[in-house]
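Asker: First the structure, then my questions, so here it is.
Throughout, read-outs are computed from the coordinates displayed, never taken from laboratory work. Keep in mind that what you see is a predicted model, and the values were worked out from it rather than measured. Ideal geometry is used to build each Cβ from the backbone, glycine not excepted, and the neighbour counts take in all protein chains shown.
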Amino acid sequence: MSKNWIKLFVAALLEVFWVIGLAHAYDFWTWTATVILIILSNYLMITVAQVLPAGTVYAVFVGLGAGGTVIAEIIFFGEPFKWGKIFLIAVLLSGVIGLKLVTDDKSDKIEKGVRS
């Protein structure tokens, strides 16, 4: 797995935290942390989109972020557990994994000396 995919997964993880921050921030410091996470998460996503296809990057970013947010809400904030939600998250994540498997990473080709 290339560093770009790792950056994308980190960006999606940060997205989970800032989305939770949007729902649960209550003072200056929690709002400040939320804004910093939004900026950092989007910065990472944008830098990855300069190497990987933008549509794939955005789909993976949003898919992992949405799935992670739903799971975090269930585990940490008492959101009701529903099998339908879990099934749909699994479908979403299978699509994200599929996109990762079929997407060429331009930086991998350059590192191996193959120019497109």
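Asker: Angle, helix 83-102 long axis vs. longest principal axis of the chain, Cα atoms, 0 to 90°, nearest 10?
Answerer: For helix 83-102, the angle is close to 20 degrees.
Asker: Here is a follow-up. Give me Rg/Rg_expected for the range 12-66, where Rg uses Cα atoms only and Rg_expected = 2.2 N^0.38 Å with N residues.
Answerer: 1.20
Asker: On to the next question. Size of the dipole of the range 3-104 about the Cα centre, Lys and Arg at +1 and Asp and Glu at -1 on the beta carbon, nothing else charged, in debye to 20?
Answerer: On the way: 5 positive and 5 negative charges, 49 e Å.
That gives a dipole near 240 debye.
Asker: With angles folded into 0 to 90 degrees, how steeply does helix 3-24 sit against the dominant principal axis of the chain? Use alpha carbons for both and round to 10.
Answerer: 20 degrees
Asker: OK, next. Using a Cα distance threshold of under 14 Å, what count of lysine pairs results for the chain when pairs must be 8 or more residues apart or interchain?
Answerer: 4
Asker: Using mean Cβ contacts within 10 Å as the protection proxy, how do 33-46, 6-19, 72-85 order, highest first?
Answerer: Sorting 33-46, 6-19, 72-85 by mean packing, highest first, produces 6-19, 33-46, 72-85.
Asker: Okay, next question. Output the 0 to 90 degree angle, nearest 10, between the alpha-carbon long axis of helix 54-77 and the longest principal axis computed from the alpha carbons of the chain.
Answerer: It works out to around 30 degrees.
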